[in-house]
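Okay, structure first, notes after.
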Amino acid sequence: MNRIFTAAAAGLTLVGSVLAAPAYAGNGDTLKAVQERGSLLCSGHNGSFPPFVQVTDDNKWSGYDIDYCRAMAVAVLGSDDKLKVVPISWAQRFPSLQSGDIDIIIKATGWTMGRDTELGIQFSVPYFVGATNVMMPKELGSTTPETLDGGSLCANAGTSTERLAANFFKSRGLDVEMITFEKSEETREAYFAGRCDSIVGWGPNLAVTRQSAENPDDHAMMDVALALEPEAAAMRQGDDNWVDIANWMFAVTWIAESKGITSANVDEHKANPADSTVEKLLGVSPGIGERLGLADDWAYNVIKQIGNSAEIFDRNIGDGSVYKLDRGLNALWSDGGVIVPMILD
């Protein structure tokens, strides 16, 4: 009896020690493959999709999504020089991920139930909220939906934006004539030629359209969005460690912004961290790396080399870019947006 009791006590002690020990995620298959290869394969585009993916005049990839591809490469491999952008079409996104031709999709990809459950992929937390909106001339005097009552709207024929706009104005009892075109180029040309009082489209695309105007400042977005779509990174199903890395890669850019940490002052914050969150974020105290199978300075490197979320948005889409798109819902919750940084404990 004593032997049985002793064995049971020893077993409980062992179980207790296992439960008390911190459980860190082991390297997933994708992380191992990327580290062994020495490069990250991230989605590009087989053309230009500003302000998310584009090629500069000196033949370099740039854009909002490309910056987050760079951040992922820095997180995993320490430098954005290790990023390899793979140019693919919209239709090639998911087959390229499934076949292993790319490691992650960061390419303005909407998180839908069908994609999440039927394609063998899983999504990160949303990193961008895409709004379908209407652009109109400022000379109309107001950017409210009521301004367009009795007016007309240019739209691409047979698209979801056309249906969204029709339902939006009908539900508000507003009489807006829909004028549709088969090609996006025709829709834009018709709007600028004055054939329609307004034009409907995805917000970032409208920002690009506005920039192509003779006087971009003469055009403004309607003050109410028609619909919202969460854009998220996509990865192969089953590699939870890789999804965790992507989630926390986005999160550290948000946390850094919330703490006032930028690429320019990150060294000052590392030398004199304001609190325990900053200590962990910048690798002063251990934990942020080991939990993911990365080095403890990975988040510091991301902020130092790529910047925080405000810097990334501003230079690609916002006031630091030619598009001047308001950050809106993509701001932190503390600034009136919907982005809520996860808690780093």
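Couple of notes before you dig in:
- Answer from Gln122, Gln98 - the residue that is more than 20 Å from Val208 (Cα to Cα), surrounded by fewer than 17 Cβ atoms within 10 Å (Cβ to Cβ) and polar (S, T, N, Q): Gln98
- Matching strands (runs of 3 or more DSSP E) fully within the stretch 191-247 where at least 2 residues are not assigned by TED's automatic domain parsing to the domain that holds Thr161: 227-236
- Looking only at the stretch 179-188, and only at residues there that are at pLDDT below 95 and of a type outside the set (S, T, N, Q), the one that is nearest to Ala213 (Cα to Cα): Arg188
- Residue within the stretch 50-58 that is within 21 Å of Ile303 (Cβ to Cβ), in contact (Cβ under 8 Å) with a residue 24 or more places away in the chain and either part of a helix (DSSP H, G or I) or of a type in the set (A, V, I, L, M) (or both) present: no
- Against the list (1) within 30 Å of Gly238 (Cβ to Cβ); (2) at pLDDT 95 or above; (3) in contact with a strand residue (DSSP E or B) (Cβ under 8 Å, 6 or more places away or on another chain); (4) crowded, with 17+ Cβ neighbours inside 10 Å, the condition Thr109 fails is (2).
- Test: residue in the stretch 96-109 that is among the acidic types (Asp, Glu) and farther than 22 Å from Asn330 by Cβ: yes
- Failed condition for Ile199, given (1) buried (at least 21 other Cβ atoms within 10 Å of the Cβ); (2) farther than 30 Å from Asp244 by Cα; (3) out of contact with any helix residue (DSSP H, G or I) (no Cβ under 7 Å at 6 or more places or on another chain): (3)
- Being in contact (Cβ under 8 Å) with a residue 60 or more places away in the chain and of a type in the set (Gly, Ala, Ser) is not true of Gly283.
The values are calculated or read from the model by the stated rules, or taken from the named source; none is laboratory data. Quick caveat: nothing in here was measured; it's all calculated off a predicted structure. Positions of Cβ are generated from backbone atoms using ideal geometry, with glycine treated the same way; all protein chains shown enter the neighbour counts.
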